[in-house]
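J.: To start, I am sharing the structure in question, which I have written as C-alpha cells.
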Amino acid sequence: MGWITDILKEVPLSAVLREKLSDVEREVTALKQENATLREENARLKLELRPPIESAGLSDIETQILILLSLERGYVMPEKMSFMLKLSPTKSDYYTSKLHDDGYISCPPLIMDGIMRFKLSQKGREYLVKNNLVQ
C-alpha cells in the first residue's frame, strides 16, 4: 500500500474509489522507476556524446568516471559505473581504486550494508572544471 492508501485507510471509500487509488499508486511507482531508468540512460548518453579527452595524467576512462560522478547526485556504486561506462567489474575496480588513491574520488567508510560507493572529491571537481569538462 502507498502512503495515500495508508492515510485514507480509516475513511469509508467505495470499492471503485479504492481501486482507482490503487491504480494511481501503481502508476506513480512505475513512473518513478521509469524516471530513474531515464536518468541513468541520460547520463550514459551524455558520456557517449563527449569527444575523446586528452589530458595529462588521467586516462579517458578515468575522466569518464569523473564526468559520470559529476552528473550523479550523491554516491554511486561501482556496479552502476560499470554498467553505464560498459566496463568489466575488474576494470571498473582498477580505475576507481586508482582515482581514489590519487584523491579524485572519495569513498565513505563501509557502513552496515557493506556496499562500496564513490563520489567526486574536491580534487576531482577541480580537475573537471580546470579542463572545461563540465558546464
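J.: Only one of Asp101, Asp93 is more than 25 Å from Thr37 (Cα to Cα) and surrounded by fewer than 18 Cβ atoms within 10 Å (Cβ to Cβ); which?
T.: On the way: Asp93 fails: more than 25 Å from Thr37 (Cα to Cα).
It is Asp101.
J.: Give me a count of the residues in region 107-135 that are of a type in the set (Gly, Ala, Ser), out of contact with any Leu (no Cβ under 8 Å at 6 or more places or on another chain) and modelled with pLDDT of 85 or more.
T.: Result for region 107-135: 1.
The values are calculated or read from the model by the stated rules, or taken from the named source; none is laboratory data. Since the model is a prediction, treat every value here as computed from it, not as a measurement. All Cβ positions, glycine included, derive from the backbone under ideal geometry; neighbour counts span all protein chains shown.
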